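Colleague: Starting off with a structure, shown below.
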Amino acid sequence: MELNEYLQQTAATRAERMQWWHDARFGMFVHWGLYAQLGRHEWVMNRERIPVAEYEKLAETWQPKERPAREWARLAKQAGMKYMVMTTKHHEGFCLWDTQQTDYNAVKHTPHRDLVREYVEACREFGLKIGFYYSLMDWHHPDGALCATDEAARRRFLDFTQGCVRELCSNYGKIDILWYDVAWPLKSADKWESVKMNAMARQLQPHIIIDNRSWLDEDFGTPEEHVTAEKEGRAWEACMTFNGSWGYMPISPDWRSTREVVHLLNTVTAGSGNLLLNIGPAPDGSVPPEAVERLTALGQWTAQNQEALYGQVERTQGRMEWLPTGSWTIKGNTAYFWCTRWPGETLVIGGLRSKVVKASLLTSGAPLAFEQTENRLVLTGLPAAQPDAIAGVTILKLECDSAPRQALGTGYVVLE
Ligand code: JFZ
């Protein structure tokens, strides 16, 4: 298929295909592979230059417990996540599914199970949408690097890659997301035959959505370890680790707090993006206790604040201003003020250009007294201390008579 024809076809169906994803806001990323056994990051093979033959021994010793994917899916559901993305093959090259493309897989070697099937079944059991991460880069495949300089190797490697994608899109029922990663060492969509490969994926899975890491922009952008909105009109998903490593790394003591994750949720919602928050399960598949603790707390918070979080939201950039006490998200004519620094019984918001019809605390629905003059909204009778004990973030709901707008500018007087 021609590139232009492909781009037109995918663009024509994009809004409809992406609807559920925009509404979902929050998903779980799972990095799991042989590297979990070493517990030193998913790049350990590369960073420690472990010889291939030595690394392969990890494929004889992997002993996950029974169906850990059910624990992940249960936890994701409880945390308020709506979809999952799991590594079917990371850069190490070990395939977690029953593939015909290589013997280096979880059925021919330990654990002698199709871990992708277990994952898919768990997602379905808990009503979560299903994403497959697939690393184009492959440190194990003999043609994984050679393909850059040897045309025959490139042909073999592309056949392998397309064979993997075909299996993943054929053997597991409906798949919702294809999440490619690291298109090394070939430096263009042409070299990877990305149009052919992705057109095949779409033929097999007409509703699938695809990320931007196969040298094609496709359906959504993927800022990584930072939360930055892409240009207006472009869908984006920030993927973040909990502790600085995607793979299991128990020696990393730096865990993002529940509060920090709520802050991330605030930022992605304000930019009409999504958050894909990662867990790196232990070799037996169990979720690190630090992650369980935080995701459980998050679940309480997201359950209480669903209305602000999920569904169609508008970007706040250019519409609302920064404030020292918290920040905004918008849904239609309603502005949500995520108050992270509680001011006490009175909260004052300057420069709101829309008339507030009703103000309330989102969690309790309790109405709030307020007075609005031309430049100041003064809310009174608030609780003396931050009411939210989970993350220290309380959302105030301001229903307006028009699309919320705020203008403060830099000077004391707004210059038009
Ligand atoms: C990749 C992987 O190397 C990593 O192990 C993990 O799977 C992560 C989700 O993705 O890392 C990247 C990929 C892209 C960029 C940076 C790191 N990037 O575009 O800046």
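The values are calculated or read from the model by the stated rules, or taken from the named source; none is laboratory data. None of the values given here were measured: they were computed from a predicted structure. Positions of Cβ are backbone-derived with ideal geometry, glycine not excepted, and every protein chain shown enters the neighbour counts. The accessibility values were calculated without ligands, DNA or RNA, using every heavy atom of the protein model including side chains. Shrake-Rupley method; radii C 1.70, N 1.55, O 1.52, S 1.80 Å.
Colleague: Can you spot a residue in region 58-79 that is touching a His at 6+ places or on another chain (Cβ under 7 Å) and open to solvent by less than 70 Å² (accessible area, probe 1.4 Å)?
Modeller: yes
Colleague: Scanning for something more than 16 Å from the ligand (Cβ to nearest atom) and touching a helix residue (DSSP H, G or I) at 6+ places or on another chain (Cβ under 7 Å), does region 43-60 turn up at least one residue?
Modeller: Yes, region 43-60 contains a residue that is more than 16 Å from the ligand (Cβ to nearest atom) and touching a helix residue (DSSP H, G or I) at 6+ places or on another chain (Cβ under 7 Å).
Colleague: Residues that are modelled with pLDDT of 95 or more and not β-branched (Val, Ile, Thr), at least 3 per element: which strands (runs of 3 or more DSSP E) completely within region 323-378 meet that?
Modeller: Ranges flagged: 326-331, 334-339, 356-361, 369-372.
Colleague: Follow-up question, since we're still on this one. Among Arg156, Arg124, which is in contact with a helix residue (DSSP H, G or I) (Cβ under 6 Å, 6 or more places away or on another chain) and more than 16 Å from the ligand (Cβ to nearest atom)?
Modeller: Arg156
Colleague: Take Ala389 and decide whether it is in contact with an Asp or Glu (Cβ under 8 Å, 6 or more places away or on another chain) and either more than 25 Å from Gly299 (Cα to Cα) or surrounded by fewer than 17 Cβ atoms within 10 Å (Cβ to Cβ) (or both). First the steps, then the outcome.
Modeller: Details: in contact with an Asp or Glu (Cβ under 8 Å, 6 or more places away or on another chain): no; either more than 25 Å from Gly299 (Cα to Cα) or surrounded by fewer than 17 Cβ atoms within 10 Å (Cβ to Cβ) (or both): yes.
In short, no.
Colleague: Against the definition (farther than 22 Å from Asp284 by Cα, under 21 Å from the mean Cα position of the chain (by Cα) and open to solvent by 10 Å² or more (accessible area, probe 1.4 Å)), how does Asp159 come out, yes or no? Talk me through it step by step, then tell me what you get.
Modeller: Values: farther than 22 Å from Asp284 by Cα: yes; under 21 Å from the mean Cα position of the chain (by Cα): no; open to solvent by 10 Å² or more (accessible area, probe 1.4 Å): yes.
So Asp159 does not fit the description; no.
Colleague: Give the residues of region 220-270 that are away from the ligand (no atom under 11 Å from the Cβ), polar (S, T, N, Q) and closer than 22 Å to Ala79 by Cα, sorted by residue number.
Modeller: Asn243, Ser257, Thr258, Asn266, Thr267, Thr269, listed by residue number.
Colleague: Quick check on my filter: what residues within region 283-312 are open to solvent by 10 Å² or more (accessible area, probe 1.4 Å) and not in a helix (DSSP H, G or I)?
Modeller: Pro283, Asp284, Ser286, Val287, Pro288, Tyr310, Gly311, Gln312
Colleague: Mind counting the residues in region 333-351 that are open to solvent by less than 40 Å² (accessible area, probe 1.4 Å) and touching a strand residue (DSSP E or B) at 6+ places or on another chain (Cβ under 8 Å)?
Modeller: So the count comes out to 11.
Colleague: Continuing with the same structure: Quick one: is Gln8 away from the ligand (no atom under 15 Å from the Cβ) and in contact (Cβ under 8 Å) with a residue 40 or more places away in the chain?
Modeller: For Gln8, the condition - away from the ligand (no atom under 15 Å from the Cβ) and in contact (Cβ under 8 Å) with a residue 40 or more places away in the chain - is not met.
Colleague: Right, here's the next one. Which residue pairs have Cβ atoms closer than 9 Å, lie 6 or more positions apart in sequence or on different chains, and pair a first residue in region 166-191 that is not assigned by TED's automatic domain parsing to the domain that holds Pro223 with a second residue that is open to solvent by less than 20 Å² (accessible area, probe 1.4 Å) and within 14 Å of the ligand (Cβ to nearest atom)?
Modeller: none
Colleague: Of the conditions (1) free of Cβ contacts under 8 Å to residues at least 40 places away in the same chain; (2) hydroxyl-bearing (Ser, Thr, Tyr); (3) in a loop (DSSP other than H, G, I, E, B), Thr102 fails just one. Which one is it?
Modeller: Thr102 satisfies all of (1) free of Cβ contacts under 8 Å to residues at least 40 places away in the same chain; (2) hydroxyl-bearing (Ser, Thr, Tyr); (3) in a loop (DSSP other than H, G, I, E, B) except (1).
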